[in-house]
Structure formats: structure tokens, C-alpha cells
Amino acid sequence: MNSRGDRDRPGIAFDPGCRACPRLAAHLDAVRAKYPDYHCAPVPAFGDPAARLLIVGLAPGEHGANATGRPFTGDYAGRLLYSTLYAFGFASEPESRAADDGLALTDCRITNAVKCLPPGNKPIGAEIRECNGFLQVEIAARPPKVLLALGRVAHDATLRALGLRQRDHVFGHAAVHRPAGQPVVIDSYHCSRYNTQTRRLTEAMFHDVFRLARAHL
Ligand code: URA
């Protein structure tokens, strides 16, 4: 374990066979039994390995990323995300339909704070901490210029991965954090169905966040 209490995984940004979180492993087993055609395993990051923009989501959705094996793909939350990525020149298509649909991301990569499907879309603290080792390595291996955190859980996980104190960088929609010697961190409300349908997050608000991200690249 390292000083933050996370498991040390030197050099490993992703483990496709990870079963480190007993609750998540058991949940994946149960969902796999019900939907044998689903991916039902940790979902890897997707996109340009040399990306200057790294987007951090929460965790795979049951019938979306957990089914398709690509972040935000098949998830309602992916509709606004991929259409925005396309509008800002990061995606080759406005829609991500399946892991083999040929969609490519340029200068952008998407990952999740937690790589496995959590029950009720809610990972617990121990799972977020356990998975944070992957995010730490992912960021350190090729530091992006901008990290875009979708939602508070992603924000907290991103700060933890960077070794930053939460009290120095309070989450806020469209907040820009400029820690010395580190990537710029930009926050957005998560583009979830709930947030978009209640208009807590509108397309215009999300586009404003991407304008900010573009300006910092
Ligand atoms: N799908 C993902 O991959 N991540 C999210 O945060 C939501 C849906």
C-alpha cells in the first residue's frame, strides 16, 4: 500500500482480470450470469494514448459500458458526451454505438474512476480508493494537459490520483483548478440521464466546459 492507502500497482494502468473489490467482483459475476453476452469485466480506457485531454467518468453503466466494454458506450450519459466530443473535433463520429464501430478519438481519452460496474451505479469509498492506483498510473505514464472530471466522484478520484488535497480544490461545475506542475483539472456536472433530463446540465453548459478544456490545451 502507498502513503494514500491505495494498493501499489507499479506500471499497471489497467488489469482486465482485476477482482480486487469483492463486492464488485461478485456483482459482475451475478450480472454475467443474467447477461452472458455482456462484457462484464473491468472496462479499459478508450481513445488516443497520446491524448492531451483525459476525461474521467464515474463507472460503467450496467447496460452501457458494462455491456459494450467501452466507456460511455450504450449508456445514456454517452449521448451528450460523444456528440460534444464530435462537435469539438475530438471524435470521428457523434455517437458511440459499440466497441467495434470504428469510432476514433483524437487527442482525447476517456476513462472511469472505477473500472467495474458498481451496484446501483454507486461505488463505495474502498472501491474508489482501490481503483485509484490504476488512475494514478494512467495519468503518470502519459500526463495529459487537461483532466476533465465528470462529477464529484471523478473530481475526488482525480485529485487523489494527483496527490492533491480536496480542500484546496473544491468541486464546482466549470471550475478550473491549476495545481503547480500538474495537469489542469476542469470539473463538470456528470452528463448522466438524471442531470441532463432535469437540466442541471444542459448541452450549452457542457459545451462551455469543453470550450474551457480546448482553451487550456
Ligand atoms: N458510463 C461510463 O463509462 N461512465 C460513466 O460515468 C457513466 C456511464
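Bear in mind that the values in this text are calculations on the coordinates, not laboratory data. Not measured: the values here are computed from a predicted model. We place every Cβ from the backbone using ideal geometry, glycine too, and count neighbours over all the protein chains shown.
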Filter the range 186-199 for residues that are within 15 Å of the ligand (Cβ to nearest atom) and part of a loop (DSSP other than H, G, I, E, B); the one that is nearest to Phe171 (Cα to Cα) is Tyr189
Taking the range 146-175 and keeping only residues that are aliphatic (A, V, I, L, M), more than 14 Å from the ligand (Cβ to nearest atom), crowded, with 16+ Cβ neighbours inside 10 Å and closer than 19 Å to Met205 by Cβ, one is left with Val146, Leu147, Ala175
Need the failing condition index for Arg109 against (1) of a type in the set (D, E, K, R); (2) in contact (Cβ under 8 Å) with a residue 60 or more places away in the chain; (3) more than 15 Å from the ligand (Cβ to nearest atom), just the number. (3)
Condition broken by Lys115, with the remaining ones in (1) near the ligand (Cβ under 10 Å from one of its atoms); (2) surrounded by fewer than 21 Cβ atoms within 10 Å (Cβ to Cβ) satisfied: (2)
Within the range 67-103, can you find the residues that are touching a helix residue (DSSP H, G or I) at 6+ places or on another chain (Cβ under 7 Å), within 16 Å of Cys191 (Cα to Cα) and free of Cβ contacts under 8 Å to residues at least 12 places away in the same chain? none
Is the range 14-26 home to any residue that is crowded, with 17+ Cβ neighbours inside 10 Å and charged (D, E, K, R)? no
Would you be able to tell me the number of residues in the range 70-95 that are of a type outside the set (Val, Ile, Thr), in a loop (DSSP other than H, G, I, E, B) and near the ligand (Cβ under 10 Å from one of its atoms)? 6
Can you confirm whether the range 124-135 contains a residue that is within 14 Å of the ligand (Cβ to nearest atom), without any contact (Cβ under 8 Å) to a residue 12 or more places away in the chain and not hydroxyl-bearing (Ser, Thr, Tyr)? no
Considering only residues that are over 26 Å from Val184 (Cβ atoms), more than 9 Å from the ligand (Cβ to nearest atom) and touching a residue at least 40 places away in the same chain (Cβ under 8 Å), which ones fall in the range 40-64? Cys40, Ala41, Pro42, Glu62
Taking the range 47-74, which residues are in contact with a strand residue (DSSP E or B) (Cβ under 9 Å, 6 or more places away or on another chain), surrounded by 23 or more Cβ atoms within 10 Å (Cβ to Cβ) and not β-branched (Val, Ile, Thr)? Gly47, Leu53, Leu54, Gly57, Leu58, Ala59, Pro60, Ala65, Arg70, Pro71, Phe72
More than 13 Å from the chain's Cα centre (by Cα), within 16 Å of the ligand (Cβ to nearest atom) and outside any loop (DSSP other than H, G, I, E, B): does that describe Val209? yes
